[in-house]
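Presented below is the structure to which this report refers.
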Amino acid sequence: MIRKATPADTVPMAAFLEAHVETSMFLLGNLEAHGTEDTAHPHGTAFFLRETGDGITGVFGCTNAGFLMCQLPGLTATEAQTYAHLLKGYTLQGMTGEADQVQVIVDALPVAPEAWRLNRVEPLYRMDIRGLSSGSAIRPPAKADVPVLNDWFARYMTETQTAPPGDLHAAAARRAELAVGAPRIRILERDGTPVAMAAINAKAGQTVQVGGVFVPTDLRGQGLGGQVVRALLAEMAGQGATTAILFAASPEAAKTYERIGFARVGGYRIAMLEQATLLGEPR
């Protein structure tokens, strides 16, 4: 049976997702931050539960901003058609999650293959961060960092192919302004000059997910990415986090994460449409 989740489902749904935490961080983070009934915030999510006599066996999520997420072990093409029917009239921008599950959903959606500007699998990593320490000092972004961050975010979104449709530089400027004083973004300096950044893009319970790691091209190869990530995770460990998750956008990034202690645990798919699309009848 598939049904829409209610506030009464929050605890068992979280318990199910935590058993698959590596590929459930956005689902968990949105559930923890916005519950099941938020229809206003971009990250507010409508959750659908797959249930058997044993309880919850799968979770499917649709955010208000047009992104899909799932944790559906054993997902079949027939079941994916059910979710595709639920999405009729939904404006879709993209989907992320466990690599094979996401592809099964993507194949069921009424979207032409060429409409996807990005559909790739990135290596997924996990690290125990209990007791982690770091000798690198980091700080939140300040107003004076905005010009640098404008450039960094534009280059980051270009390199990772995650820029939203429209004006890249306007999108970068919005992110730079929002970064000022943000509680989960940190900058690493060298001789008073920003040289790297990293962020926590999801948090659920004692697990955090790292994202937005960027080092300017001319400064790469010096270990700065590893330094800023380790320092950020040491800060999170000091606040009670025990586990860190991330997915690597390039082989070079993967090597950096492995050097500081991350171990690969699977694959994570990121699928993004060229432009937001109103979904009709499934194929």
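None of the figures in this text is laboratory data; all of them are computed from the coordinates on show. None of the values given here were measured: they were computed from a predicted structure. Please note: Cβ atoms are built from the backbone with ideal geometry, for glycine as well, and neighbour counts cover all protein chains shown.
What the table shows:
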read-out: Subset tally (residues that are small (Gly, Ala, Ser) and either surrounded by fewer than 16 Cβ atoms within 10 Å (Cβ to Cβ) or more than 17 Å from the chain's Cα centre (by Cα) (or both)) for segment 244-262; value: 2
read-out: Some residue of segment 264-283 being of a type in the set (Gly, Ala, Ser), farther than 21 Å from Pro113 by Cα and surrounded by fewer than 13 Cβ atoms within 10 Å (Cβ to Cβ); value: no
read-out: Of all residues making up segment 49-69, the number that are among the polar types (S, T, N, Q) and within 14 Å of the chain's Cα centre (by Cα); value: 1
read-out: Meets criteria (part of a loop (DSSP other than H, G, I, E, B) and at positive phi) for Gly74; value: yes
read-out: Failed item, numbered, when His41 is tested on (1) touching a helix residue (DSSP H, G or I) at 6+ places or on another chain (Cβ under 6 Å); (2) part of a loop (DSSP other than H, G, I, E, B); (3) within 23 Å of Arg126 (Cβ to Cβ); value: (3)
read-out: Any chance Tyr268 is within 21 Å of Thr23 (Cβ to Cβ), not in a strand (DSSP E or B) and not β-branched (Val, Ile, Thr); value: no
read-out: Residues satisfying the stated conditions in segment 187-228, i.e. more than 17 Å from the chain's Cα centre (by Cα), buried (at least 17 other Cβ atoms within 10 Å of the Cβ) and either polar (S, T, N, Q) or outside any helix (DSSP H, G or I) (or both); value: Ile187, Leu188, Pro194, Val195, Ala196, Val215, Gln227
